[in-house]
Amino acid sequence: MELVSRQDPHLREVVWFAVCSRALTLLLQALFNLLIPDHTADAFSPPRLSEPGLWDLLVEQLLGGLSRWDAEHFLFIAQRGYLYEHNCAFFPLYPLSLRALAEGALWPLQRLLRLRSRLLLSAALLNSLFSVLAAAALYKLGCVVLRCRRVAFLAALLFAVNPANVFMTAAYSESMFAFLAFSAMWQLEKGQSWHSGLLFSLAAGVRANGLINAGFCLYSCGKCFALQLQVDSGSEPPLWKQLLKVASSAVLMCAGIFVPFALFQYYAYVRFCGPSTGLERAVPKPLLQLALDKGYRLVTMNGAKPSWCSQRFPVVYSYIQDTYWNVGFLRYFELRQIPNFLLALPVTLLGSWAAWTYIIANPRYCLTLGLERRRSEEEGKPRAGFCCPAVFVYVVHATVLLVFGFFCMHVQVLTRFLGSSSPVLYWFAAHLLQQHEPLLWGEGTDNQTAAPRSEKPLLGKSPGSCGKGTSENPVVRLLTNCGLITPLSKWILGFFLSYWLLGLILHCNFLPWT
């Protein structure tokens, strides 16, 4: 993949800034983990079955903050497989990658480090790599979709300091998913349908919400077909041939995206609903005791099968979300969850504002679902920036995730849920900064403008311009001039940076966070 180019100074700056962000995040989590005592949380915490050595203790001291909360599940799965039923809420591609790196590239360290330490080190290395690549992929995607290099550049830099940064570094699957999803979207925009389908399929093997990405494939095929119908050309093949081609392509791509999910559900069914294999007798006693103490269900024991095995469509994922975490429509709407709704308020406001802004700017385009050919497209001069037509499907995707997460999930996870799945948060934040922050108006322009303004810009440049600009880091410029920036810029940067810092302080010490 052409994610690194020596010819693009903006991309080099994105990669460098993302690398610095990863390094600083790792340093801060180690510092906070050292200075702040861990909270005793009621979370999954399997017992360690072997005594750590000196080097293991060092790794735990430096990287232990990355193994909190759900990270324990991923590390446990990578080490022992899907031993407990509720482990099946976490999809296999990420823990498989951890195990592959621990047993592959880090195999020479086995004399110094036990497997868990190598898995923790693998998580730090892999997530740092994936988050940097995700930032690069987001930049490339933004250049194609927004047709505005400056906004794409700023959005990618914001991703490097995004409010879900702690989850992009800890042993969670968010970084891997973001890289695969953004890369798949980029390939689809370039017309590489099968490359895109493969990446979307891999993303669906990382997180369950990867299934929603099938909508991009369906929309791409549907829009292509609809626009072809509006072109008068006698050389086009018959309508039924066009329809058959589009339908077969859409079905194959969507099937590829759903295959990892289906295979994993089948694996879980065989493991927990099939005949007893005696595997439970090989489970170490401390892990058996943990299952008894916490009520965790092991692989088939004593012929007893969980209730989901007898369902018409035995899907373990939805059963776990319902039974173990009480996830469902409006189930989180309780007075005691008000603090969690407040945690999700900034991302909810930003996501809602983005959808509203786009709808107001493109009412007809939204009503026709973008399936009507526009005059600007016929003239070969499409609009640029966040409100351009190409952003429509991404706004729909982000809005669907936002509504579903707000009403059907533990609402505090919205920040990382949206932050790792949709580019819209970063595009819209960059759009707001570019439109309303005078310090960013002094960069180069060209003849593409997103929305002309009546007032004269401070530095004589149009705030809506989409020129190449310079490769100077605008985020650093805003932070070094924080006393001069507008209240809106302070709110956006304050949200990103405060959640990054608070996440490191709280999450890395087993304190509740998003």
Next item on the list: Starting from the Cα gyration tensor of the chain, multiply each eigenvalue by 5, take the square root, and state the resulting semi-axes largest first in whole Å.
Entry: 40, 29, 21
Next item on the list: Specify the inter-centroid distance of region 25-66 and region 115-166, based on alpha-carbon positions, in whole Å.
Entry: 25
Note to self: On C-alpha positions alone, give me the angle between the axis of helix 392-408 and the longest principal axis of the chain, in degrees, nearest 10.
What the structure shows: 40
Next item on the list: Taking every Cα atom in region 148-196, find the radius of gyration and the maximum pairwise distance Dmax, and write them in Å.
Entry: 12.7, 34
Note to self: Using only the alpha-carbon atoms, how far is helix 424-436 inclined from the longest principal axis of the chain? Give it as 0 to 90 degrees, nearest 10.
What the structure shows: 40
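Highest first, please rank the peptides 251-262, 132-143, 395-406 by the mean number of other Cβ atoms sitting within 10 Å of their residues.
On the way: 251-262: 17.0, 132-143: 26.8, 395-406: 19.7.
My ranking of the peptides, most packed first, is 132-143, 395-406, 251-262.
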Check: Label LEU96 and GLN61 with points 7 Å out from Cα along Cα→Cβ: what is the distance between them in nm?
Finding: 3.7
Check: Do you know the Lys pair count in the chain for C-alpha distances under 28 Å, with sequence separation 8 or more or different chains?
Finding: 24
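How much length is gained on full extension from GLN110 to ARG12, taking 0.36 nm per residue of separation minus their Cα-Cα distance? Walk me through the numbers before you get to the answer.
Values: separation 98, 0.36 × 98 = 35.28 nm, distance 3.52 nm.
Between GLN110 and ARG12, full extension yields 31.8 nm more.
Whole number in Å², please: accessible area per residue of the chain, 1.4 Å probe, ligands, DNA and RNA not counted. Each step should come with its number before you reach the end.
Numbers: 23210 Å² over 514 residues.
Here the per-residue accessible area is 45 Å².
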Notebook entry, point to check: In nm, to one decimal, how far is the LEU218 label point from the TYR269 one, both placed 7 Å along Cα→Cβ?
Noted result: 2.2
Notebook entry, point to check: So what's the convex hull volume per residue for the Cα atoms of region 1-133, in Å³?
Noted result: 135
Margin query: On C-alpha positions alone, give me the angle between the axis of helix 174-189 and the longest principal axis of the chain, in degrees, nearest 10.
Written below: 40
Next item on the list: Could you grab the relative contact order for the chain? Cα pairs under 8 Å, six or more apart, rounded to a whole percent.
Entry: 21
Check: Name the residues of region 288-330 whose amide N is less than 14 Å from a point 7 angstrom out from the Cα of GLU72 along the C-beta direction?
Finding: 290-296
Note to self: More than 13 angstrom separation, counting every C-alpha pair in region 191-234; what % is that?
What the structure shows: 60
Margin query: Quick check: residue separation of LYS490 and LEU129 times 0.36 nm, minus the Cα distance between them. What number comes out in nm?
Written below: 127.0 nm
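Taking only DSSP H segments of four or more residues, each worth -39500 (n - 2.57), what value at 222 nm results for the chain once the sum is divided by all its residues, to the nearest 500 deg cm²/dmol?
Numbers: 21 runs with 301 residues, N = 514.
It lands at -19000 deg cm²/dmol.
Grab the alpha carbons of region 304-434, take their convex hull, and tell me the volume per residue in Å³.
Working: hull volume 19.4 nm³, N = 131.
Spread over its residues, the Cα hull of region 304-434 gives 148 Å³ apiece.
The values are calculated or read from the model by the stated rules, or taken from the named source; none is laboratory data. Predicted model only: the values in this text are computed from it and were never measured. Counting neighbours? That spans all protein chains shown, and the Cβs are built from the backbone with ideal geometry, glycine included. Ligands, DNA and RNA are excluded from the accessible area calculation, which covers all protein heavy atoms including side chains. Shrake-Rupley method; radii C 1.70, N 1.55, O 1.52, S 1.80 Å.
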